[in-house]
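Worksheet: the structure to be examined is printed underneath.
Please treat every number below as a calculation from the coordinates, not as lab data. What you are looking at is a predicted structure, and each value in this text was computed from that prediction instead of being measured. All Cβ positions, even for glycine, are placed from backbone atoms using ideal geometry, and neighbour counts span all protein chains on display.
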């Protein structure tokens, strides 16, 4: 039996599950370059808890970029939902369960 084909998206999910931020960033860059497009929002949001814990000085920039993408890409944007998501993103660095609130609100 030969080696299995390397699947960077599967490897990225595993790296995010293991909390490996640096490796996840590297993989995300490769995947985005191969696709010619950014990661999907559901995958991109999984970076935020890791960034909040490992690189808190950059968290606001990451969270704002994610929110800006959601505002642009979502088909069901309302000011109320945007405010709810922004509030949950602001809480995420100190309240990890806020990630669930963000994902629920983002899906509508």
key: On Cα atoms only, tilt of 79-91 relative to the major axis of the chain in degrees   = 70 degrees
query = Taking square-rooted eigenvalues a ≥ b ≥ c of the alpha carbon gyration tensor, is segment 8-107 rounded, prolate or oblate, where a/c under 1.5 means rounded and, failing that, a/b exceeding b/c means prolate?
reply = oblate
request  = Taking the chain as the reference, fit the longest principal axis to its C-alpha atoms, fit the long axis of helix 8-18 to the helix C-alpha atoms, and give the angle between the two in degrees, 0 to 90, nearest 10.
outcome  = 60 degrees
query = Order of 66, 23, 6 from fewest to most other C-beta atoms within 10 Å?
reply = 6, 23, 66
Cα-based helix-to-principal-axis angle, 21-35 vs the chain, degrees rounded to 10 = 80 degrees
remark   = Ranked on Cβ counts within 10 Å of their own Cβ, fewest leading, 18, 55 go 18, 55
